[in-house]
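The values are calculated or read from the model by the stated rules, or taken from the named source; none is laboratory data. Remember, it's a predicted structure, so these values are computed and weren't measured experimentally. All Cβ positions, even for glycine, are placed from backbone atoms using ideal geometry, and neighbour counts span all protein chains on display.
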Amino acid sequence: MAKSSVYSVCGMCTVRCPIKVQVENGQVSFIEGNPHVPAMKGAVCPRGAAGIALVNDNERPQTPLIREGERGEGKWRKASWDEAFDYMADKLGQVKEKYGAKAIAFTDRGGPFRDLHRAFLRGIGTPNYNNHDSSCARNVQHAALSLTGMGRKAVAYDFKNAKHVVLQLRNIFEAINVQEVNNLMDAMEDGCQLTVIDIRANVSASKANTFLKIRPGTDYAFNLAVIHEILNKRLYDQPFKDRYIDGVRELEQFVAPYTPEWAETETGILADQLRRFVKELAAAAPSVIWHPGWMAARYTDSFYVCRTIYIINALMGSYGAKGGLPFVSKPGDVGRAGLKSFMDLYPKPEEKRADGVGWKYKHFEEGPGLAHLLYQAMETDDPYQIKAYVAYRHDPLMGYPEPERLKKMWEKLDLLVSVTFSWSDTAWYSDVVLPLSTYLERESILATKNALKPQFFVRHRAVEPCYDSKSDWEIVSGLAKRMGLPELAFETREDVWNFQLEGTGVCIEDFDAKGMVSLADKPIYKAFDSYKFKTPSGKIEIISKKLEENGIASLKPYESPKKPKEGEFRLTFGRCALHTQGHTVNNPMLAEQMSENVLWINTKEAQKLGISHGERVAVSQNGYTETIIANVTDVIHGDAVFVIHGFGHRLKPESRAYGKGLADQNFMSGGMEVWDQAGGAIAYQEHFVTVSKIAK
Ligand SMILES: Nc1nc2c(c(=O)[nH]1)N[C@H]1C(S)=C(S)[C@@H](COP(=O)(O)OP(=O)(O)OC[C@H]3O[C@@H](n4cnc5c(=O)[nH]c(N)nc54)[C@H](O)[C@@H]3O)O[C@H]1N2
Ligand SMILES: Nc1nc2c(c(=O)[nH]1)N[C@H]1C(S)=C(S)[C@@H](COP(=O)(O)OP(=O)(O)OC[C@H]3O[C@@H](n4cnc5c(=O)[nH]c(N)nc54)[C@H](O)[C@@H]3O)O[C@H]1N2
Ligand code: SF4
Ligand SMILES: [Mo]
């Protein structure tokens, strides 16, 4: 038997763990963690292992498809790649000629492999690149920027050396990043404390030293009281505070009314418990990580929750500290040249963005913009018409609220394209579907990981595509060739990689041994004294000039969240270890492990409704109903019901997922307009549902 192994990068979720793929006779036989990365411990998570089942899954798009019937009807014509590229280039050309390049919009899933397709957008001249982040971590990013002038990824989470980790809105043992989980478990074995603040006892809570069950949507109250207690008892890191934090006096005045006793009435967490927790936290400083959150697109004040978390980390002195939030290094920081950028081939388009970011909303970062505002522009033609849209590795019909509303927003598009490896609601509704090879069948462009030990890494193709699919660079090259961008029309993967490696002193063979090239010998903890934050004052700024100038308060007075009306529940959601968003639900191995989601509902509330554990119940909002099995439990707050997101698929080709479970995005009526004006993200959890027994 012909056996080989390939170092690559997992693609089952956005974490992109380094992996080693074993291949036997041209088929993937086993996937494990890359043994050269100690924190992987040779492991992958269940989804990473199930990548094997993705490759030969015949329920994914297998050739390019061009729509024949109405949008969403599912009538397709199979096309060759040449035909699909010609069709697309022709339509894009027409839109560009008639409405200008800005009428072409593009969204993707974010991540490190974007340089080439973003260069393509610049090349054709549109400013309208967005990613999914307004449905995910935008509030975290903007909170980080508003305080430090640096994005959320400018610091690492040094779990391995931490002494106290706080997870608030962050379920690390189910929303998995393998290296982070392994590092945190090692630290906990060495005595690191774990505190979980959540509306329900999730798996992370089950491993925690302290679990604080909080009333949904009151995290800002809790955090303000924590700051009050830290300042009141002078539990902060004095030298760090004096040297690196600007605006502590304003902060002190602002939090004066927010005592632990006050917070108790809001959050349900006892004042004494809060005080004990703060004392323990301060004792572990500066090796403290209060995780700023990841999926923080939840409430209209989530930005301020993230902001207070960063402020608490600063007061604990954990910025720059071992076991806290040390600063990552970029290639330039360690005296190395970075990868040559495709985007630098073209100037930045001068047109203003359709989503208003950078001109109408000056306090937001331009990069990925705010996709929900792009969609609104598609509907209103304000500031201008958008006529072509490519959703690349993106399923907004599952990931944004109100799918039916979103379809209406897309009504005026002359072209809607989906580039994807699996069926998705968005792909099914598109005019053209371009099947991307699965991550095991394709290579990616080279990417950089800024880290304590920065590196370049690469995704290698482990096996040849089993259907008529292509890699990203092949897709971009195919389009570039037809759209007058010869500099992006690469013939071979080596041409792509060699372009990127020019001037770096690294060659592509250097990746063979480990799948990555480290740019430093050991983790670098940047010298504290030399550090300057990227704000005007060089310090962490509690009062952000940029926010204030744009009419946004740096410290917003607390407003109590809406209480659910009698018989209503706040709809909340999150992840489980067995699935990624909506795109693994039809995976043969994972569907077998978990084929539907259940509705977590508090025991007392269920009793009032006469609902028993395991019973199928109806969930409704504004006359719209879906059904789901009830998980009656004491460990969720009575104000909320909770589901795992990503279920409730209704697509014909997905036999394993079809009709199973509930789709939470269908219960967010008006949700495209409900977003956090300070942080930019959608506020997904500002919606209420009723739950009832199903009439027999
Ligand atoms: N297995 C797996 N891992 C993943 C993903 C996946 O789909 N599957 N997706 C990846 C992605 S894209 C992301 S963004 C991350 C998300 O990572 P996380 O943000 O950590 O994950 P979630 O499960 O969305 O939410 C975390 C917790 O927030 C809690 N929560 C809900 N409302 C409130 C509230 O009002 N207050 C508090 N304190 N807690 C609340 C939920 O109960 C849940 O336990 O995970 C990543 N990793
Ligand atoms: N109601 C509700 N809405 C949510 C969430 C929620 O919990 N509840 N979670 C939010 C969060 S945290 C996020 S990150 C977003 C996620 O939503 P999206 O950003 O849309 O991401 P995914 O669902 O992971 O993937 C989108 C599509 O891309 C395809 N895909 C995945 N990986 C690849 C790849 O490597 N290449 C290509 N070409 N295609 C790929 C998949 O097949 C899938 O169809 O949704 C957000 N929306
Ligand atoms: S966390 Fe799991 S699914 Fe995500 S990249 Fe790592 S191994 Fe793959
Ligand atoms: Mo996310």
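Worth pointing out:
- Look at the stretch 329-345: where a residue is of a type in the set (Ser, Thr, Tyr) and a partner is in a helix (DSSP H, G or I), sitting 6+ places away or on another chain with Cβ atoms under 9 Å, you get SER341/ASP115; SER341/ALA119; SER341/GLN500.
- Subset of the stretch 573-601 that is within 13 Å of ligand 2 (Cβ to nearest atom) and among the polar types (S, T, N, Q) - its residue that is surrounded by the fewest Cβ atoms within 10 Å (Cβ to Cβ): GLN581
- Among the conditions (1) in contact with a Lys or Arg (Cβ under 9 Å, 6 or more places away or on another chain); (2) at pLDDT 95 or above, LYS532 misses just one, which is (2).
- Subset tally (residues that are over 30 Å from ALA663 (Cβ atoms), charged (D, E, K, R) and over 26 Å from the mean Cα position of the chain (by Cα)) for the stretch 542-569: 3
- Looking only at the stretch 250-281, residues that are touching a His at 6+ places or on another chain (Cβ under 9 Å) and over 28 Å from GLU541 (Cα atoms) come to 1 in all.
- SER620 vs. criteria among the polar types (S, T, N, Q), away from ligand 2 (no atom under 16 Å from the Cβ) and either part of a helix (DSSP H, G or I) or more than 30 Å from GLY11 (Cα to Cα) (or both): yes
- Answer residue from the stretch 112-134, given it is part of a helix (DSSP H, G or I) and within 15 Å of ligand 4 (Cβ to nearest atom) and is farthest from the chain's Cα centre (by Cα) among those: SER134
- Only one entry in THR210, THR148, THR195, THR126 is hydroxyl-bearing (Ser, Thr, Tyr), within 15 Å of CYS306 (Cα to Cα) and modelled with pLDDT of 95 or more, namely THR148.
- Only a single item in (1) more than 16 Å from ligand 3 (Cβ to nearest atom); (2) under 30 Å from LYS563 (Cβ atoms); (3) touching a residue at least 60 places away in the same chain (Cβ under 8 Å) is not met by MET295, and it is number (1).
- Verdict on ALA137 being surrounded by 20 or more Cβ atoms within 10 Å (Cβ to Cβ) and either more than 15 Å from ligand 4 (Cβ to nearest atom) or of a type in the set (Lys, Arg) (or both): no
- Flag if ALA2 is free of Cβ contacts under 8 Å to residues at least 60 places away in the same chain, over 30 Å from GLU83 (Cα atoms), more than 16 Å from ligand 4 (Cβ to nearest atom) and aliphatic (A, V, I, L, M): yes
- Selection count where residues are surrounded by fewer than 21 Cβ atoms within 10 Å (Cβ to Cβ) and either within 14 Å of ligand 1 (Cβ to nearest atom) or basic (Lys, Arg) (or both), scope the stretch 183-199: 1
- Only one of ASP639, ASP676, ASP664, ASP634 that is within 30 Å of GLN607 (Cβ to Cβ) and buried (at least 23 other Cβ atoms within 10 Å of the Cβ): ASP664
- Of everything in the stretch 343-357 that is in a loop (DSSP other than H, G, I, E, B) and acidic (Asp, Glu), the residue that is surrounded by the most Cβ atoms within 10 Å (Cβ to Cβ) is ASP355.
- Of the criteria (1) away from ligand 4 (no atom under 16 Å from the Cβ); (2) in contact with a His (Cβ under 9 Å, 6 or more places away or on another chain), which one ARG109 fails: (1)
- Check on THR572, part of a strand (DSSP E or B) and over 25 Å from the mean Cα position of the chain (by Cα): no
- Of the residues making up the stretch 358-373, those that are closer than 20 Å to GLY111 by Cα and outside any loop (DSSP other than H, G, I, E, B) are ALA371, HIS372.
- Verdict on PRO383 being assigned to a loop (DSSP other than H, G, I, E, B), more than 16 Å from ligand 3 (Cβ to nearest atom), touching a residue at least 60 places away in the same chain (Cβ under 8 Å) and at negative phi: no
- As a summary of the residue check, PRO112 satisfies the conditions (1) touching a residue at least 60 places away in the same chain (Cβ under 8 Å); (2) buried (at least 18 other Cβ atoms within 10 Å of the Cβ); (3) within 16 Å of ligand 1 (Cβ to nearest atom) except for the one numbered (2).
- Failed item in (1) within 15 Å of ligand 1 (Cβ to nearest atom); (2) part of a helix (DSSP H, G or I); (3) crowded, with 24+ Cβ neighbours inside 10 Å; (4) of a type outside the set (Lys, Arg), with GLU180 passing the rest: (3)
- Close pairs (6 angstrom Cβ cut-off, 6 or more residues apart or separate chains): exposed (fewer than 11 other Cβ atoms within 10 Å of the Cβ) in the stretch 506-532, in a loop (DSSP other than H, G, I, E, B) and modelled with pLDDT under 95 anywhere: LYS532/GLY538
This table checks each residue for (1) aliphatic (A, V, I, L, M); (2) within 22 Å of ARG122 (Cβ to Cβ).
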residue	(1), (2)
GLU402	no, no
TRP410	no, no
ALA427	yes, no
LEU436	yes, yes
GLN455	no, no
CYS466	no, no
SER471	no, yes
LYS481	no, yes
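- Screening the stretch 1-13 for residues that are under 17 Å from VAL458 (Cβ atoms), surrounded by 13 or more Cβ atoms within 10 Å (Cβ to Cβ) and not aromatic (Phe, Trp, Tyr) and picking the one that is farthest from ligand 2 (Cβ to nearest atom) gives SER5.
- Residue match in the stretch 238-245 (condition: crowded, with 22+ Cβ neighbours inside 10 Å and either of a type in the set (A, V, I, L, M) or at pLDDT below 95 (or both)): yes
- Single match in GLU174, GLU189 (criterion: within 16 Å of ligand 2 (Cβ to nearest atom) and acidic (Asp, Glu)): GLU174
- Note on the stretch 388-470: enclosed strands (runs of 3 or more DSSP E) holding 1 or more residues that are closer than 20 Å to MET12 by Cβ, aromatic (Phe, Trp, Tyr) and modelled with pLDDT of 95 or more are 388-392, 455-457.
- Residue tally, condition among the aromatic types (Phe, Trp, Tyr) and either at positive phi or without any contact (Cβ under 8 Å) to a residue 60 or more places away in the chain (or both), over the stretch 150-182: 0
- Among the residues of the stretch 533-569, those identified as part of a helix (DSSP H, G or I) and either among the polar types (S, T, N, Q) or free of Cβ contacts under 8 Å to residues at least 60 places away in the same chain (or both) are LYS545, GLU548.
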